[in-house]
Amino acid sequence: MIPVDQVLTELRKLREHDLPTHGGRTMAYVYDSGLDELDDLAARAHALASSTNGLDPTAFPSLLRMENEIVGTAARLLNGGVGQVTSGGTESCMLAVLAARGDAERPSIVLPVTAHAAFHKAAHYFGIRTIPVPVGADFRVDPADVRAAIDDDTVLVVASAPSYAHGVVDPVTDIAAIAGDRGIRCHVDACIGGWVLPYFGRLGVEFEPFDFTVPGVTSISVDLHKYAYCPKGTSVLLHASSELRRTQYFASAAWPGYTMLNSTMQSTRSGGPIAAAWAVLRHVGDEGYLELARRTLCAVRALRIGIDDLGLRVLGDPVSTLLAVTSPDVDPFALADKMRARGWYVQPQFAFQNSPTNLHLTVTAANHGNENLFLDALRESLADTAPVAVDTSILDGLDPETLTAEQFDALMGAVDMSAGMAAVNTLLEAAPAKLRERLLIEFLGRLYS
Ligand SMILES: *Cc1c(COP(=O)(O)O)cnc(C)c1O
């Protein structure tokens, strides 16, 4: 056997090439509280429970107890609901769609175009038609457009609190009322905002109400692995009542083994993430989250002012912790590369309908105190960003239906990635959505080979 120390050394070496997960320099994918003790606490709690199995809550009552306590905390924060801990936001959103579908024949869901792609994934997995509704200049959907989009087969209407791309909250009250009038469910996707906006509210920030106090809201998703600063692999899906939740559950007696009885998509379910989340929630507590929210709010305000001062534009009027930054004068993709070279990861977002090419920033508590470091890097990067010229005509004639491995190889060979990702992003943005999806799936296949 290979000695334990050597294996861990190898792992540390592999990790050297990853983006930094701490310090606020990676402004997507990771959420840093800035609290030093949290990682160690979570890791130890995870280790204490990682070999248990949530498959049977009667066999491991500790998991049942911890899950109920986590859900209870989420329900207090969002003023109601019964629920489950899931593996992440996508699973929570997909289960909300599944529960709404029940055994409907030709179901559709109505969603603003700014809703998370998890709902398109749900539709793809569960055979559901999506009815996307364009958003206004403020990147919020107009309730009248939602009303008009609902058809006889609609089982669910979605609103975001806030949307990932722009950080704005949809008019949840009106949307939920419209859904309620039609006897349709309304899911509020608060995956990224659910654990921070209630605290922002206590700090005086004003935004559209989105929790269970709003009549017509039937389910809410909130991720623990975002602003609850828990390790990856935990989210909560709340339903307004256990009746509404029933169609999320699955039982099968159609085989000779144990009767399979699942609350979520997983069957065998590690107790590790649940225990880690429980421990983090217990340690930080309500006052701790309020303080983390205060730091995050300071950071997001300072960054927004600094970004404006540099002549860049923040899209919409975000009320949360997310900023979408653009400018008609700079190539956002090239700017992202320059920031990356200075040790900051900002996430390119492609132009979509009325949303121009922009850079997404997820601001966390760890950004507080080093706002100026970011703004300095942004100023320097702006000064040396030049547009990247890409011949997008190499996309001509490529058909997502018939794309061959040879065509993909030729395309890969033609893009210059030496200076960063700008050329790839420019090309991908120029590709129609279907072709872009196809190219990325082809790329994924190459990565995993
Ligand atoms: C992050 C996010 C999701 C998906 O969550 P994952 O944990 O990445 O699966 C869904 N909706 C919104 C608004 C999000 O920000």
Limited to region 91-113, what total is found for residues that are touching a residue at least 60 places away in the same chain (Cβ under 8 Å), open to solvent by 10 Å² or more (accessible area, probe 1.4 Å) and within 27 Å of PRO134 (Cβ to Cβ)? 4
Of the candidates GLY167, GLY201, GLY136, the one satisfying the condition of being more than 20 Å from the chain's Cα centre (by Cα), assigned to a loop (DSSP other than H, G, I, E, B) and not hydroxyl-bearing (Ser, Thr, Tyr) is GLY136
Here are some residues: ALA179, ALA117, ALA148, ALA123. Which one is open to solvent by 50 Å² or more (accessible area, probe 1.4 Å) and more than 13 Å from the ligand (Cβ to nearest atom)? ALA148
Of LEU440, LEU435, the only residue that is touching a helix residue (DSSP H, G or I) at 6+ places or on another chain (Cβ under 9 Å), touching a residue at least 40 places away in the same chain (Cβ under 8 Å) and part of a helix (DSSP H, G or I) is LEU435
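Name the strands (runs of 3 or more DSSP E) wholly inside region 307-419 in which the number of residues that are aliphatic (A, V, I, L, M) and either touching a Pro at 6+ places or on another chain (Cβ under 6 Å) or touching a residue at least 60 places away in the same chain (Cβ under 8 Å) (or both) is 3 or more.
322-326
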Residue ID - farthest from ASN53 (Cα to Cα), chosen from residues in region 264-273 that are open to solvent by 10 Å² or more (accessible area, probe 1.4 Å) and more than 20 Å from the chain's Cα centre (by Cα): SER267
Please go through region 248-261 and pick out each residue that is over 24 Å from the mean Cα position of the chain (by Cα) and not hydrophobic (A, V, I, L, M, F, W, C). SER252, PRO256, GLY257, TYR258, THR259
Answer yes or no as to whether GLY216 is away from the ligand (no atom under 16 Å from the Cβ), assigned by TED's automatic domain parsing to the domain that holds PHE119 and in contact with a strand residue (DSSP E or B) (Cβ under 6 Å, 6 or more places away or on another chain). yes
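Restricting to region 114-133, name every residue that is outside any loop (DSSP other than H, G, I, E, B), under 21 Å from GLY88 (Cβ atoms) and either β-branched (Val, Ile, Thr) or touching a residue at least 24 places away in the same chain (Cβ under 8 Å) (or both).
Those that are outside any loop (DSSP other than H, G, I, E, B), under 21 Å from GLY88 (Cβ atoms) and either β-branched (Val, Ile, Thr) or touching a residue at least 24 places away in the same chain (Cβ under 8 Å) (or both): ALA118, PHE119, LYS121, ALA122, ALA123, TYR125, PHE126, THR130.
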Region 274-311 - residue that is over 23 Å from ALA43 (Cβ atoms) and β-branched (Val, Ile, Thr) and, of those, most open to solvent (accessible area, probe 1.4 Å): ILE305
How many of the residues making up region 13-56 are of a type in the set (Gly, Ala, Ser) and in a helix (DSSP H, G or I)? 5
Any residue at all in region 182-197 that is assigned to a helix (DSSP H, G or I) and within 13 Å of the ligand (Cβ to nearest atom)? yes
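The values are calculated or read from the model by the stated rules, or taken from the named source; none is laboratory data. Note that the coordinates shown come from a computational prediction; the quantities given were computed from them, not determined experimentally. Glycine also receives a Cβ, built like all others from the backbone with ideal geometry; neighbour counts cover every protein chain displayed. Heads up: the accessible areas ignore ligands, DNA and RNA and are worked out on the full protein's heavy atoms, side chains in. Shrake-Rupley method; radii C 1.70, N 1.55, O 1.52, S 1.80 Å.
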